[in-house]
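These notes are about the structure you will find just below.
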Amino acid sequence: MADIFDIDDYSPAQIAERVENVGVKKAQLTAVPLIALGVLAGGFIGLGALYYTVVVSDPGLTFALQRVIGGLTFSLGLILVIIAGAELFTGNNLMVMACVSRRIGTRDLVRNLVLVYFANFVGAFGLALLVYLSRHWTMHGEAVGQKAVLIAAG
């Protein structure tokens, strides 16, 4: 069966080693590409959230269908992050494994997490500003904006 499907299987120790290797590579990124990839990730996640908001603001869909389609559309933001190789704060938290195994220093870990956190914020804020300035929130009789407020309040 393995020959047909060519499935890689890794032991937990091998997975941990692979995660540590990625953490080491992320720690070696210089500031400019790290910040650029962080801004992209913030924007990509924001696009997924924006698409989700548009879908769930459609009153013609049932509650369950809104949630299923909304979940799929939000996932597109995560898919963009993965395809682009962008730096997302939540994913970079796995760098802790490389730090604990002493393959990277605490300073490198903190530097990466702080830069990526603020870069993600800049990307998401920039997209939010563009959405506001484009009056995107007024779509469908302001239903998109009203749903965004309800999501934020929730």
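Taken together, the values in this text are just the output of simple stated rules run on the coordinates, not laboratory data. The model shown is predicted, which means the values in this text are computed figures rather than measured ones. As a convention, Cβ positions derive from the backbone with ideal geometry for all residues, glycine included, and neighbour counts pool all protein chains shown.
Among (1) 1.05; (2) 1.03; (3) 1.09, which one is Rg/Rh (Cα atoms, Kirkwood Rh) computed from these coordinates?
So the calculated entry is the one marked (3).
Net charge near S11, counting Lys/Arg +1 and Asp/Glu -1 over other residues with Cβ under 12 Å of its Cβ?
For residues surrounding S11, the net value is -2.
Which angle from 0 to 90°, rounded to the nearest 10, does the C-alpha axis of helix 12-27 make with the longest principal axis of the chain?
Its long axis makes an angle of about 80 degrees.
Express in nm, to one decimal, how much length is gained between R67 and D8 on full extension, taking 0.36 nm for each residue of separation and deducting their alpha carbon distance.
Full-extension gain reported as 18.0 nm.
If the chain between T30 and I151 were fully stretched, how many nm would it gain, using 0.36 nm times the residue separation less the Cα-Cα distance? Show your work: numbers first, answer last.
Values: separation 121, 0.36 × 121 = 43.56 nm, distance 3.61 nm.
Stretched fully, the T30-I151 segment lengthens by 40.0 nm.
Give me the distance in nm between label points sitting 7 Å out from Cα along the Cα-to-Cβ direction at R18 and S134, one decimal.
Between R18 and S134, the label points sit 3.6 nm apart.
Towards the positive end of the charge dipole of the chain, with charges on Cβ (+1 Lys, Arg; -1 Asp, Glu), say which of L78, G48, L130 has the farthest Cα.
Result: L130.
For the chain, what is the calculated [θ] at 222 nm in deg cm²/dmol (nearest 500), taking -39500 (n - 2.57) for each run of four or more DSSP H residues and dividing by its residue count?
That calculation yields -26000 deg cm²/dmol at 222 nm.
Could you give the length gained on full extension between E142 and V96, defined as 0.36 nm per residue of separation minus the Cα-Cα distance, in nm?
Extending this stretch completely gives an extra 12.3 nm.
Taking the mean number of other Cβ atoms within 10 Å as a proxy for protection, how do you rank 30-36, 67-73 from highest to lowest?
Going from most to least packed, we get 67-73, 30-36.
Relative to the longest principal axis of the chain, what angle (0 to 90°, nearest 10) does the C-alpha long axis of helix 139-153 take?
The answer is roughly 50 degrees.
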